[in-house]
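The next block holds one structure in the form of structure tokens; read it before the comments.
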Amino acid sequence: MSTDLTGAVLQVSNYKDSLMEERKFLADKKKFYAFNPQCLVITGNLTNEIDDDKRKSFELFRTGLKDVNIITYDELFKKVENLINLIEGKF
């Protein structure tokens, strides 16, 4: 895995940890509820940037994460495209 991707996973995990530590203080001031928020990292392009050899490592890495979801820009685009088609009745 690239250092950028692992760095992003660590960064978002640290953000979640900070949020969970501060949630009591936030909840005291406003109506704020956080129980176990999901974290998301959007990165790269699976089709153009990852060859077959690296894809296996990438899939093992992202499916092995407990609290962080990783999606690539092309996967996100495809999900949005499918949602639009579903809403417009094109399926």
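The values are calculated or read from the model by the stated rules, or taken from the named source; none is laboratory data. All values derive from a computational prediction rather than experimental measurement. For neighbour counting, all protein chains shown are included, and Cβ atoms are generated from backbone atoms with ideal geometry for every residue, glycine included.
Applying the condition of being in a loop (DSSP other than H, G, I, E, B) and not small (G, A, S) to segment 33-44 and asking which residue is farthest from V9 (Cα to Cα) yields Y33.
Scanning segment 64-91 for residues that are touching a helix residue (DSSP H, G or I) at 6+ places or on another chain (Cβ under 9 Å), farther than 10 Å from I42 by Cβ and not aliphatic (A, V, I, L, M) yields D67, D74, K90, F91.
Taken together, the residues in segment 36-91 that are surrounded by 13 or more Cβ atoms within 10 Å (Cβ to Cβ) and acidic (D, E) amount to 5. Flag set for L65, criterion: closer than 21 Å to L10 by Cα, in contact (Cβ under 8 Å) with a residue 40 or more places away in the chain and among the hydrophobic types (A, V, I, L, M, F, W, C). Here F25 does not fit the description of being in a helix (DSSP H, G or I), among the aromatic types (F, W, Y) and surrounded by 14 or more Cβ atoms within 10 Å (Cβ to Cβ).
Looking only at residues in segment 45-79 that are aliphatic (A, V, I, L, M), part of a helix (DSSP H, G or I) and modelled with pLDDT of 90 or more, which one is farthest from D17 (Cα to Cα)?
Keep residues of segment 45-79 that are aliphatic (A, V, I, L, M), which gives 46, 50, 60, 65, 68, 70-71, 76.
If we keep only those that are part of a helix (DSSP H, G or I) as well, we get 46, 60, 76.
From what's left, modelled with pLDDT of 90 or more: 60, 76.
On the way: L60: 24, L76: 25 Å.
My answer is L76.
Selection within segment 7-22: residues that are acidic (D, E) and modelled with pLDDT of 85 or more. The member of this set that is surrounded by the fewest Cβ atoms within 10 Å (Cβ to Cβ) is E21.
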